[in-house]
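Notes follow the structure.
The values are calculated or read from the model by the stated rules, or taken from the named source; none is laboratory data. Quick caveat: nothing in here was measured; it's all calculated off a predicted structure. Because the Cβ atoms are built from the backbone with ideal geometry, glycine has one as well, and the counts that use them run over all protein chains shown. Side chains included, ligands, DNA and RNA excluded: accessible areas come from the protein's heavy atoms. Shrake-Rupley method; radii C 1.70, N 1.55, O 1.52, S 1.80 Å.
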Amino acid sequence: MKTPLTERFGLRLPVVAGGLMWLSDADYCAAAAKAGLLPFITAASFPEPGDLRAEIARCRDLAGGRPFGVNVSMLPKLVPGEKTEDVFRLIIDEGIKVVETSGRNPEPYVPLLKEAGVTIVHKVPSVRFAVKAQSVGVDMVAIVGAECGGHPGMDLVGSMVNLSLAERRLTVPYLIGGGIGTGAQIVAALATGAAGVVMGTRFLAASELRAHAGYKDALVAASERDTALTMSSVRNTIRTLKNETTEIVARLEREKPEIGIEELMPYVSGRIGREAYRVGDTSRGMLSAGQALGFVESSEPFEAIAATLEEDARTALARLRPAPAGEE
């Protein structure tokens, strides 16, 4: 499956392992890279520059020369000072050649990254934002639809619609994400014109993910029906695993539509969710997960997941090839 994504980075499969807040560390990314995927360390998981440098170095050692990048969320920080440019300069200094950007328009940083030879993959929730990103010079766009875990945006356009609109409206290579977790879906995306897919939820139970076994067990037990959309009242819609917290937040939003983030913060703070990764209690916190939970059937190594995706893709491709004349 040769695409602009696989050709540029020498990948086994046209699959990006999307950045997972607090989880995309060197172990996770190195395992994904060695399985032939393109992973991203999440810079926001390592807010101290020295820690981010150390994690990049550790991943470089573990990945054995396979490519990986860094995810940079450009959402305005709730602290004095803008640190985004500093993060990009650190990434450049460390020799990273691909970044996954998200959160807002990357235009102010495109010249800096381009001059350093860094490939920019900008992640957006719908095609209208992808068109804008294309116009400012990014190399690729990743469009994650309403089915995705984390932040699907306010438009809530589904992945299939995004996929077909992208083929009509974009000229840069594009990736599709949101509800993607099988090899057959990879083939469908390529057939529609995508250069690859983005997967995140599919990898949440990977053996190499440094999270409690109880957390992974909960995801394996969950289905595509076990996610919830909340926080649209503060224009920050998020899809997470259904639990006590999502029920409380949804009730508060129904009862008080004008509620502000300050009132929600005691329930939605990231510090609460991180406890699930540490101790395995998934009853509290906003735990990002998409509808691809339906494809998470066991905790297994990245290599095994990649092999399954590859075999599923071969089966899907075989279904598209007509049988020779005279054969059924």
| message | Just to be sure I understand the filter: pairs with C-beta atoms under 7 Å, separated by 6 or more residues or on different chains, first member in segment 294-313 and within 21 Å of residue 225 (Cβ to Cβ), second member open to solvent by 40 Å² or more (accessible area, probe 1.4 Å) and of a type outside the set (Lys, Arg). Which pairs pass? | response | 294/224; 296/220; 297/220; 298/220; 299/207; 299/220
| query | Within segment 135-186, how many residues are open to solvent by 30 Å² or more (accessible area, probe 1.4 Å) and aliphatic (A, V, I, L, M)? | reply | 7
| task | Could you grab the pairs with beta carbons closer than 7 Å, sequence gap of 6+ or different chains, first residue in segment 167-182 and closer than 24 Å to residue 136 by Cα and among the charged types (D, E, K, R), second one at pLDDT 95 or above and in a helix (DSSP H, G or I)? | result | 167/192; 169/127; 169/131
| message | Just to be sure I understand the filter: pairs with C-beta atoms under 6 Å, separated by 6 or more residues or on different chains, first member in segment 46-67 and in contact (Cβ under 8 Å) with a residue 24 or more places away in the chain and within 23 Å of residue 35 (Cα to Cα), second member among the acidic types (Asp, Glu) and open to solvent by less than 70 Å² (accessible area, probe 1.4 Å). Which pairs pass? | response | 56/94
| query | Which residue pairs have Cβ atoms under 7 Å apart, sit 6 or more places apart or on different chains, and have a first residue in segment 239-251 that is among the hydrophobic types (A, V, I, L, M, F, W, C) and a second that is open to solvent by 10 Å² or more (accessible area, probe 1.4 Å) and in a helix (DSSP H, G or I)? | reply | 248/267; 249/267; 249/268
| query | Any residue in segment 189-203 that is hydrophobic (A, V, I, L, M, F, W, C), open to solvent by less than 20 Å² (accessible area, probe 1.4 Å) and closer than 18 Å to residue 282 by Cα? | reply | yes
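Select the helices (runs of 4 or more DSSP H) contained entirely in segment 214-328, then report the ones holding at least 2 residues which are surrounded by 15 or more Cβ atoms within 10 Å (Cβ to Cβ), more than 24 Å from the chain's Cα centre (by Cα) and at positive phi.
Details: elements: 244-255, 261-268, 270-279, 302-320.
By residue number, no helices (runs of 4 or more DSSP H) qualify.
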